[in-house]
Amino acid sequence: MMADLHLLTVLVFFPLAGCLLMLPAWKHPAAARPLALGVMTGELLLALWLYASWQGLAALKPALPGYLLVEDAPWIAAFGIRYTLGLDGISLLMVVLTAFSFCVALVVSWRSIGEKVGLFLTLLLAMETGIMGVFLALDLALFYLFWEVMLIPMFFLIGIWGHGRRIYSTVKFFLFTMFGSLLMLLAIIALHLLHARQSGVATFGLFELIATPLPAGTQFWLFAAFFLAFAIKFPLFPLHTWLPDAHTDAPTAGSVILAGLLLKTGSYGLIRFGYPLFPQAAQTLTPLIYTLAIAGIIYASLVAFAQEDMKRLIAYSSIGHMGYVAIGIAAWEPVALSGSIIQMANHGVTTGALFAMVGMLDERAHTREIGAFGGLWGKIPLWSFFFLIFSMASVGLPGLNNFVGEFLVLAGTFTKAPLVAGLAFIGIVLTLVYMVRLVQEVVFQVERRPLPLADLDCREICVLAVLALLVVWMGVHPAPLLNLIHGPVQLLTGGVP
Amino acid sequence: MTKADLMALMPLIILAVGSVLVLLTGAVRPGGYLYELAGALIVASLLWSLCLPAGAVMPGLAITPFARFFAVFLDSAGLVALLLASGYNKRRAIVGEEYPATLLFALAGMGAACAASDLLMLFLGLEAFTFAFYLLVAIERDSVRGGEAGLKYLLNGTLSAAVLAMGIALVYCSRGTLRLPELAQQPATLEPLFLAGFCLIFLGLAFKLSLVPAHLWTPDVYQGAPAPVTALLSTASKGASAAAVLLILPLMAGWRGGHDILWCLSLATMVCGNLAALVQTSIKRLLAWSSVAQMGYVALAFVALPAGGGRAAIFYVVAYAAAGLASFGAVSVLSDGSDRDVIDQYRGLGYRNPLAGAVLTVALFSLAGIPPAAGFMAKFAVFSAALRAGEITLAVVGVLTALVAVFFYLRVVVALYMSPADGVEAAARRLTVSEATALAIPTLATVVMGVYPAPLLDLLALILG
């Protein structure tokens, strides 16, 4: 019954349909913004409704084990490509995060984007479709299609509304991602052909391809191609250099989506495709992933400490946080993997909020230099209050959301690789160092420059309050989310759900 | 010739006789509705090939499903090019009946080349349309660049025609026949004379397809010719030449050397074309080098012919033609009195002329092979075929050069949307209906083929048997 409603198709293409609504409103920004917000809110409500009813959906037992909703239709028979979408607990968490982040991105850029508003909103909506598709596709070719499609709006978003060296940053971002993806495309086709040669069935379906027995050498190279694509998106050290540029020069909405969602597509891809398709090769490469992640955490923390631009500092902190996600995935063990997935959502919320807050400050002061501020607690107490909350969450203070993810990752990894867990723990201390420096210099200290700053307005308070509540809720009561992903994580790691 | 043969040949006859008709009409009533007449004739030929399924085999020509598919493709491209030219030629004061008449003649030649069943007819078809392009490239009398381009094309073209003719002569010496079906039945070992002839024929075709090293005419000619002519030259003539290659490749099936030659050509073309495009400052030259590079991917599909490369090659050519028509079309509507040729002149144009800007962007994304444009599906088809044929090196090189290509295509998009214009430029001219139609057709085709290529792929599987 539920499958007949094509809910997943609606979930993916509703924002794209919303683009058409933007066309008449193109010349009237005042009408276009609420309309776009309406579309995104509708999408969020649908996602939340799915979340609220996931246990009911699970009880219906759809075609694939562990999945809540599945849609499957032929698409390009000549290539063996099918239109297969599937929603499990992990996808659902990402879908809710996506729908939510887009609302946040739109609201925080309500006033800061004053030019070409129609184009801006159209691109945002198109990108929402692309990202939803990435989190739901179960056909490798379809996944690749969405994976590439989501880049185009982001390319324009940074290039048109960005700051600083926006063109350099956006081209760099695009080329880095394309480099990884194109090799992954070859690997996808190669896997498809190997499967077709062995079984005689031409398919790109994930679950058919998982069953393909591969010789170790082939498996290694195919995994390497997938891993490269995902590691660039992640981003893992030393493939991270596009990230500070893109995040810093992007408009606030772009940074929120980059940090909140685009990085997650990399980790999601590794969890959904990389590890299940090539388990032995992934095992072989695990030490490498550990090393890169630890190096990334320590390197990014040290670099973050030296930053003068607040946005750049938070961008580097992103690399560090995603390092924990990588460690949890590499451990490939239920507790650590759950931690990684929770950490993906946490990082989306916390870092998204931090980018939004720096954006708000930038709108007022027209600078993001740490040295320009100081003593904000006395001048704009509301902003400072929220900034403190999100900074504490970012550090991993118990009771706030990041603590849960990091704790689970470290606890899970400790059983498999104690040394890695120990080194990663040092990273948490380093995070503390640079975040405390940021908060202390900006929020406390004495005023350095007499900047005319107004405190948050109603719109900003609303969006930050929701984010802050989420931070606390996910930190204090993560059990519902853990329950949601428990089944899929067990299935992925080879246990019984 | 029976009545059925005549019916099957009618699309070609309409074009050839129509060409003469347009010339005569122009003589009787100069400045009459010549473009409209030519357009109506192309549509008639198009509808005939599309709607009246008739096959026929006669000396020299075989109207197979393959030929009919290409007839439809060529007529569509010709129609778009004619629509583009009608406004462009008015602005540039290119008057007279020569233009539409020559265009029709070129289409007839291309149609004949795709339907050829012996080498002589293939030669006639190829040289007929090349001859027409000698005129079209240099049709703008006052343009120095146009004259230079025309001369370069003529000199290179006659050389390649001579090579082609020599090759055909050698094949005839060796086998005593020119008929393709008979030539495809090979003896156990291929005679050296035959192989020499075949290689010369292939070299002649490599010139038409601008495969490296026979590509050097391409940037100069594409830059010098009027943009609507370049639009046709870079798409339809490439399509017809690719069809000709597909017709003669069975002659060397199983000869390892043929595979090696194609392999080298494909590699050199992908690498040279994409690297050379990186440093261009003129948009027409950039698109010219890009078209060289794109043919490298078609050649890659030819390498993979035994593994389903034929379908990939045709799909690639069609997707490329849609993007090529759209991009050169956008350039031609954006060029008013003088050519808008330097990439910097495109700054901010995406906002001043939204339709042309959007069309150019979609075309560039398609050429770069980024979904959801058709170019992605085309690259997907080619790389699948290449990997199936075991050509891993070529596939990896192809992917890496495609990455290089992304960079130079993005440069144009950056200029269109992300760089502010220098100074104040006048508001853009409103596009006429025919120009908007000419831009919309290939753009829609690009998007539709990118999102739902299944019908075309099934059709191609059908016509290739």
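Each value in this text was obtained by applying a stated rule to the coordinates, not by laboratory testing. Please read these numbers as outputs of a predicted model, since none were measured by experiment. All Cβ positions, even for glycine, are placed from backbone atoms using ideal geometry, and neighbour counts span all protein chains on display.
Quick check on packing: order B:286-292, A:331-337 by the mean number of other C-beta atoms within 10 Å, highest mean leading.
Numbers: B:286-292: 27.4, A:331-337: 23.4.
Going by the mean number of other Cβ atoms within 10 Å, highest first, we get B:286-292, A:331-337.
Peptide A:74-80 has a mean of 6 when you count, residue by residue, the C-beta atoms of other protein chains within 10 Å of its C-beta. Could you give the distance between the Cα centres of the stretch B:1-33 and the stretch B:179-257, to the whole Å? Between the Cα centres of the stretch B:1-33 and the stretch B:179-257 lies a distance of 28 Å. Based on the alpha-carbon gyration tensor of chain B and its eigenvalue square roots a ≥ b ≥ c, which shape applies: rounded if a/c is under 1.5, prolate if not and a/b is larger than b/c, or oblate? Oblate, because a/c is 1.5 or more while a/b does not exceed b/c.
Placing one identical point scatterer on every Cα of the stretch B:254-465 and ignoring solvent, what is log10 I(q)/I(0) from the Debye formula at q = 0.08, 0.10, 0.11, 0.12 Å⁻¹? The computed values of log10 I(q)/I(0) come out as -0.29, -0.44, -0.52, -0.61.
Any idea what % of Cα-Cα pairs in chain A are farther than 44 Å?
Numbers: 11266 of 123256 pairs.
Counting pairs separated by more than 44 Å, the tail of P(r) holds 9 percent.
Taking Cα atoms only, the orientation of helix A:89-108 departs from the longest principal axis of chain A by about 30 degrees. Just so you know, the Rg over Rh for the stretch B:57-159 is 1.03, from Cα atoms, with Rh as the Kirkwood radius. Straight-line cross-link reach from A:Lys379 at under 22 Å between alpha-carbon atoms covers these lysines, not counting any fewer than eight positions away in the same chain: A:Lys311.
Model label sites at B:Arg141 and A:Ala465, defined 7 Å from Cα along the beta-carbon direction, differ in position by 7.9 nm. Taken along its three principal axes, the alpha carbon spread of the stretch A:328-430 comes to 48, 22, 22 Å, from the longest extent down to the shortest. A simple packing score, the average count of other Cβ atoms within 10 Å per residue, orders the peptides B:199-212, B:229-242 as B:229-242, B:199-212, with the highest score first.
Positive contributions from Lys and Arg (+1) and negative ones from Asp and Glu (-1), summed over other residues with Cβ under 15 Å from the Cβ of B:Phe73, come out at +2. The distance from the alpha carbon centre of the stretch A:78-141 to that of the stretch A:357-391 is 29 Å, rounded to a whole number. A Cα-only calculation for the stretch A:64-119 places Rg and Dmax at 17.6, 48 Å. Rounded, prolate or oblate for the stretch A:408-492? Axes are the square roots of the Cα gyration tensor eigenvalues, ordered a ≥ b ≥ c, and the cut-off for rounded is a/c under 1.5. Judged from the Cα gyration tensor, the stretch A:408-492 comes out oblate (a/c at least 1.5, b/c at or above a/b).
Please state, as a whole number in µm²/s, the translational diffusion coefficient that the Stokes-Einstein equation yields for the stretch B:190-340 at 37 °C and 0.692 mPa s, with Rh defined as the Kirkwood radius across alpha carbon pairs. The calculation lands on 209 µm²/s.
Using only C-alpha atoms and all pairs of different ones, pull out the Kirkwood radius for the protein assembly as shown in Å with one decimal.
Numbers: mean 1/r = 0.0336 Å⁻¹.
Radius from the Kirkwood sum: 29.8 Å.
Once each part is reduced to its C-alpha centroid, what is the distance from the stretch B:300-330 to the stretch A:1-69 in angstrom? A separation of 37 Å, based on Cα centres. The Cα atoms of the stretch B:114-165 give a gyration tensor whose axes a ≥ b ≥ c have a/c of 1.5 or more with a/b no greater than b/c, which makes the shape oblate.
Rounded to the nearest 10 degrees, the inclination of helix A:140-149 to the longest alpha-carbon principal axis of chain A is 20 degrees.
With charges only on Cβ, +1 for K and R and -1 for D and E, what is the dipole size of the protein assembly as shown about its Cα centre, in debye, rounded to 20? Numbers along the way, then the final one.
Numbers: 48 positive and 47 negative charges, 86 e Å.
So the magnitude is around 420 debye.
Angle of helix A:310-331 to the longest C-alpha principal axis of chain A, folded into 0 to 90 degrees and rounded to 10: 30°. Dimensions of the stretch A:22-149 based on its C-alpha atoms, expressed as ranges along the principal axes with the largest first, amount to 47, 38, 20 Å. The mean sequence distance of close C-alpha pairs (under 8 Å, at least 6 residues apart), as a share of the length of chain A, puts its relative contact order at 15 percent.
Loop-only trypsin sites (Lys or Arg not before Pro) in the stretch B:376-465, please: DSSP not H, G, I, E or B, and at most 10 other Cβ atoms within 10 Å. When the trypsin sites (Lys or Arg not before Pro) of the stretch B:376-465 are filtered for loop state and at most 10 Cβ neighbours within 10 Å, B:Arg430 remain.
About its Cα centre, the dipole of the stretch A:339-425 is roughly 80 debye, where the only charges are +1 on Lys and Arg Cβ and -1 on Asp and Glu Cβ. Look at the stretch A:180-190: the mean tally of other chain Cβ atoms within 10 Å of its residues' Cβ atoms is 5. Proximity of backbone amide H atoms, modeled 1.01 Å from N, is registered between A:His163 and A:Ala250 at under 5 Å, excluding neighbours fewer than 5 places apart on the same chain.
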